[in-house]
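Chemist: Got a structure for you, written out below as structure tokens; questions coming shortly.
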Amino acid sequence: MGFTLAQKILKKHLVSGDLTPGSEIAIRIDQTLTQDATGTMASLQFEALGIPKVKTKRSVSYVDHNTLQTGFENADDHRYLQSVAAKYGIYFSRPGNGICHQVHLERFGMPGQTLLGSDSHTPTAGGLGMIAIGAGGLDVAVAMGGGSFHLAMPKICQVVLTGKLSPWVSAKDVILELLRRLTVKGGVGKIIEYAGPGLKSLSVPQRATITNMGAELGATTSIFPSDEVTREFLKLQKRPKDWKLLEADPNATYDEVIELDLSKIEPLIAQPHSPDNVIEVKKLRGTKVQQVAIGSCTNSSYTDLMTVARVLRKHGAHKDVSLCISPGSKQVLQNITANGGLADIISAGARVLECTCGPCIGMGQAPPSDAVSLRTFNRNFLGRSGTKSAQVYLCSPETAVAAAIYGEITDPRKLGAGVRIKAPTRFIIDDSMILPPSRRPDKVEIIRGPNIKPLPINEPLPDALSSSVLLQVEDNITTDHIMPAGAKILPLRSNIPAISEYVFSVVDAQFASRAKAAGGGFVVGGENYGQGSSREHAALAPMYLGIKAVMVKSFARIHQANLINFGILPLQFKVPADYDTISPGDRLELPNVKEELQADKPIRVKNTTKGREYLMQNPFSERQRAILIAGGLLNYTKQSA
Ligand code: MIC
Ligand code: SF4
């Protein structure tokens with residue numbers, strides 16, 4: 001039997017387990033990536049491991065999220081991260097150099113290697129033929145120290161691409177079409193592997209748009225083969241030697257196959273407040289638009305921005321639209337500057353932002369009240385833009401620029417003959433904002449600002465738990481609901497006591513004070529709980545508030561792993577309908593939790609308020625059980641050292 005591309009790479013990196021879907025495997029990690037919003041915690045955790053130098057082939061620390069310096073906090077964090085990078089053998093991408101995923105694709109990604117990143121969009125590098133997975137900061141810190149990464153072996157879903165995209169339809173529409181078909185839960189427990197004759201018409205940045213938003217499908221990762229298109233991309237990046245041919249065996253078998261004819265895809269748009277709420281752009285024709293934001297790790301490549309520039313040169317932006325553009329990297333900005341694209345963008349009246357995540361994570365450019373904002377980003381969760389009443393739509397750069405010109409949602413095909421942006425034959429490559437690690441690490445001093453507070457550590461799991469339900473939430477709760485981001489809260493990422501005040505604040509402003517007054521408790525949720533970002537703060541901060549267990553119908557992968565890492569029990573109902581018999585405030589008891597967990601038995605929960613009893617699944621691996629009993633991965637690692 002042949003192997004799929006993902007299986008081939010996983011097999012080469014396998015440390016333990018086998019490739020049976022659902023069983024636990026451990027893999028060797030070649031490269032890691034951290035960004036500043038998750039990286040300070042990951043760095044504190046790496047420091048706590050006491051290892052003198054990273055053991056990966058390449059580790060890179062990016063500053064791209066927390067760049068709005070309204071006080072000392074973010075700037076202090078940047079300085080801390082720079083000193084950690086210099087000391088421990090990590091490359092440092094300075095603030096302004098670009099968004100981690102875009103820069104990693106350009107400068108570091110390697111076909112056939114594994115990449116673990118403390119950001120959920122790490123699978124972007126799958127566009128280059130890598131197995132690239134998002135994880136919590138602690139898992140990444142462990143990988144930097146040479147530890148393997150544990151995960152449940154995913155199923156492999158093949159997407160066979162045929163045909164070619166029509167003018168004004170782009171890679172974003174491909175992934176929006178998949179989101180429409182599969183939903184935000186459709187990729188859970190799967191790797192999406194792309195194949196077929198349609199591949200050759202998609203450039204590496206276009207492939208990266210697709211793998212990037214595989215995260216919104218809930219997929220473990222997504223991957224494209226490494227072919228002639230990949231070779232051309234790496235040649236342009238002056239990295240021809242990093243290329244190798246990688247594809248699935250012709251007789252590989254897949255758990256699922258989806259066919260997608262590129263020529264049949266139309267311009268699509270995701271409506272508020274979920275990336276899978278997708279319809280054709282033409283159906284929303286005429287909706288007035290107040291803001292258009294172009295950028296993010298999904299859609300800010302050279303071709304994306306040149307397309308926008310070319311359209312703007314002809315038309316100019318509408319007077320009622322605030323148009324902002326954040327290039328994905330300094331490389332993109334330098335190249336569109338050199339060939340006049342930036343001048344067209346500026347002349348059209350766009351507000352040009354620095355090369356960072358910016359508005360995508362609510363770091364500035366919050367739209368006005370009730371505004372319609374069209375964004376080329378990947379997430380439109382409620383409140384993420386910074387304005388709770390805003391209506392955020394996700395679309396391609398083509399659809400975004402059409403709205404910027406006409407002041408209303410417009411099918412970009414109205415713009416006439418399609419623009420074709422050819423990749424330049426020479427690219428400006430300038431790595432001056434990437435600092436290699438110090439040659440004299442012993443001389444480097446770690447610089448810590450006053451906002452960096454020590455990492456809180458959990459207690460081991462007691463024999464029994466008893467507490468009340470502090471909050472009950474619906475399906476598809478995101479980590480943006482659990483631990484919101486934005487310009488006000490993000491600077492507190494290295495200060496757990498301070499950030500914990502904002503846990504669930506989008507849903508329930510009193511949550512933190514109630515949790516503190518009660519000395520902790522439980523949270524009850526629906527399907528796909530914890531989807532979205534990899535931020536381990538969505539586990540760490542609730543842990544700090546005394547949350548002992550989260551009881552839901554199902555979990556999103558990264559969040560579930562983060563809960564385990566910080567010793568919060570992630571429990572799933574055996575009978576999902578039990579959810580309906582619980583109300584906020586109910587008193588729950590887990591009389592034998594430790595013993596049941598250890599003995600691989602279902603975990604019993606008594607609802608003493610309602611006089612009912614529920615059974616919870618115990619699907620954990622032996623290692624996960626040991627981590628939960630120890631009160632988290634740090635305690636477990638210390639015990640086993
Ligand atoms: C996001 O897009 O939500 C983020 C901000 O990049 C997060 C990471 C974080 O919260 O720091 C992610 O996707 O993992
Ligand atoms: Fe940054 Fe947005 Fe990408 Fe997250 S999704 S890494 S915030 S650009």
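The values are calculated or read from the model by the stated rules, or taken from the named source; none is laboratory data. None of the values given here were measured: they were computed from a predicted structure. All Cβ positions, glycine included, derive from the backbone under ideal geometry; neighbour counts span all protein chains shown.
Chemist: Any chance the stretch 569-584 includes a residue that's at pLDDT 95 or above and within 16 Å of ligand 1 (Cβ to nearest atom)? Explain how you work it out, then say what you get.
Modeler: Here is the first cut: in the stretch 569-584, the ones at pLDDT 95 or above are 569-584.
Then drop every residue that is not within 16 Å of ligand 1 (Cβ to nearest atom), which leaves none.
Scanning the stretch 569-584, I find no residue that is at pLDDT 95 or above and within 16 Å of ligand 1 (Cβ to nearest atom), so the answer is no.
Chemist: Something else about it: So which of 26, 86 is of a type in the set (Gly, Ala, Ser), over 20 Å from the mean Cα position of the chain (by Cα) and closer than 22 Å to residue 534 by Cβ?
Modeler: 26
Chemist: Just for the stretch 67-105: of the residues that are assigned to a loop (DSSP other than H, G, I, E, B) and more than 16 Å from ligand 1 (Cβ to nearest atom), which one is nearest to residue 332 (Cα to Cα)? Don't jump to the end; show me each part of the working.
Modeler: Restricting attention to the stretch 67-105, the residues satisfying the condition of being assigned to a loop (DSSP other than H, G, I, E, B) are 67-71, 89-90, 94-97, 99.
Now drop any that are not more than 16 Å from ligand 1 (Cβ to nearest atom), which leaves 69-71, 89-90, 94, 96-97.
Values: 69: 23, 70: 27, 71: 29, 89: 27, 90: 24, 94: 16, 96: 12, 97: 10 Å.
If we take residues in the stretch 67-105 being assigned to a loop (DSSP other than H, G, I, E, B) and more than 16 Å from ligand 1 (Cβ to nearest atom), then 97 is nearest to residue 332 (Cα to Cα).
Chemist: Residues in the stretch 44-66 that are touching a Phe, Trp or Tyr at 6+ places or on another chain (Cβ under 7 Å) and within 16 Å of ligand 1 (Cβ to nearest atom): how many?
Modeler: 2
Chemist: Still on this model: For residues in the stretch 367-389 being farther than 18 Å from residue 506 by Cα and of a type in the set (A, V, I, L, M), which is nearest to ligand 1 (Cβ to nearest atom)?
Modeler: Selected residue: 374.
Chemist: Another question, if that's okay. Taking the options 7, 102, 45, 82, name whichever one is polar (S, T, N, Q) and touching a helix residue (DSSP H, G or I) at 6+ places or on another chain (Cβ under 6 Å). Reasoning before the result, please.
Modeler: On the way: 7 fails: touching a helix residue (DSSP H, G or I) at 6+ places or on another chain (Cβ under 6 Å); 102 fails: touching a helix residue (DSSP H, G or I) at 6+ places or on another chain (Cβ under 6 Å); 82 fails: touching a helix residue (DSSP H, G or I) at 6+ places or on another chain (Cβ under 6 Å).
Matching residue, one of 7, 102, 45, 82: 45.
Chemist: Pairs, please: C-beta under 6 Å, at least 6 apart or cross-chain, first residue away from ligand 2 (no atom under 14 Å from the Cβ) and in the stretch 63-74, second at pLDDT below 95 and part of a loop (DSSP other than H, G, I, E, B)?
Modeler: Hits for this filter: 73/451.
Chemist: In addition: Can you find even one residue in the stretch 491-502 that is more than 16 Å from ligand 2 (Cβ to nearest atom), closer than 21 Å to residue 380 by Cβ and either of a type in the set (A, V, I, L, M, F, W, C) or modelled with pLDDT of 95 or more (or both)? Quick ask: steps written out before the conclusion?
Modeler: Here is the first cut: in the stretch 491-502, the residues more than 16 Å from ligand 2 (Cβ to nearest atom) are 492, 494-502.
Subsequent filtering for residues that are closer than 21 Å to residue 380 by Cβ retains 502.
Applying the additional criterion that residues be either of a type in the set (A, V, I, L, M, F, W, C) or modelled with pLDDT of 95 or more (or both) yields 502.
Within the stretch 491-502, one or more residues are more than 16 Å from ligand 2 (Cβ to nearest atom), closer than 21 Å to residue 380 by Cβ and either of a type in the set (A, V, I, L, M, F, W, C) or modelled with pLDDT of 95 or more (or both).
Chemist: A follow-up question, please. Got a sec? Which helices (runs of 4 or more DSSP H) wholly within the stretch 114-226 have at least 1 residues that are among the hydroxyl-bearing types (Ser, Thr, Tyr)?
Modeler: Values: elements: 137-144, 171-182, 204-212.
Ranges flagged: 204-212.
Chemist: Does residue 480 satisfy being away from ligand 1 (no atom under 16 Å from the Cβ), farther than 19 Å from residue 455 by Cα and either surrounded by fewer than 24 Cβ atoms within 10 Å (Cβ to Cβ) or β-branched (Val, Ile, Thr) (or both)? Even if it seems obvious, please write down each step before you answer.
Modeler: Numbers: away from ligand 1 (no atom under 16 Å from the Cβ): no; farther than 19 Å from residue 455 by Cα: yes; either surrounded by fewer than 24 Cβ atoms within 10 Å (Cβ to Cβ) or β-branched (Val, Ile, Thr) (or both): yes.
In short, no.
Chemist: Which one of these does residue 141 not meet: (1) at pLDDT 95 or above; (2) more than 15 Å from ligand 1 (Cβ to nearest atom)?
Modeler: Unmet condition: (2).
Chemist: What number of residues within the stretch 368-377 satisfy the criterion of being surrounded by fewer than 24 Cβ atoms within 10 Å (Cβ to Cβ), touching a strand residue (DSSP E or B) at 6+ places or on another chain (Cβ under 9 Å) and on the phi < 0 side of the Ramachandran plot?
Modeler: So in the stretch 368-377, the residues surrounded by fewer than 24 Cβ atoms within 10 Å (Cβ to Cβ) come out as 368-372.
Within this subset, residues satisfying the condition of being touching a strand residue (DSSP E or B) at 6+ places or on another chain (Cβ under 9 Å) are 368, 370-372.
Going one step further and asking which of them are on the phi < 0 side of the Ramachandran plot, we end up with 368, 371-372.
Total meeting the criteria: 3.
Every residue, every condition in (1) loosely packed, with under 13 Cβ neighbours inside 10 Å; (2) hydrophobic (A, V, I, L, M, F, W, C), yes or no:
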site	(1), (2)
577	yes, yes
613	yes, no
622	yes, no
628	no, yes
634	no, yes
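Chemist: Restricting attention to the stretch 219-247, which residues are crowded, with 24+ Cβ neighbours inside 10 Å and in contact with a strand residue (DSSP E or B) (Cβ under 6 Å, 6 or more places away or on another chain)?
Modeler: 219, 220, 221, 222, 223, 224, 226
Chemist: Provide a single number: the residues in the stretch 531-559 that are more than 16 Å from ligand 2 (Cβ to nearest atom) and within 19 Å of residue 484 (Cβ to Cβ).
Modeler: Going residue by residue through the stretch 531-559, those that are more than 16 Å from ligand 2 (Cβ to nearest atom) are 539-555, 557.
Those left that are additionally within 19 Å of residue 484 (Cβ to Cβ): 539-545, 547, 550.
The number of residues fulfilling the criteria is 9.
Chemist: Which residues, taken from the stretch 370-418, are assigned to a loop (DSSP other than H, G, I, E, B), touching a residue at least 12 places away in the same chain (Cβ under 8 Å) and more than 27 Å from the chain's Cα centre (by Cα)?
Modeler: 407, 409, 410, 411, 417, 418
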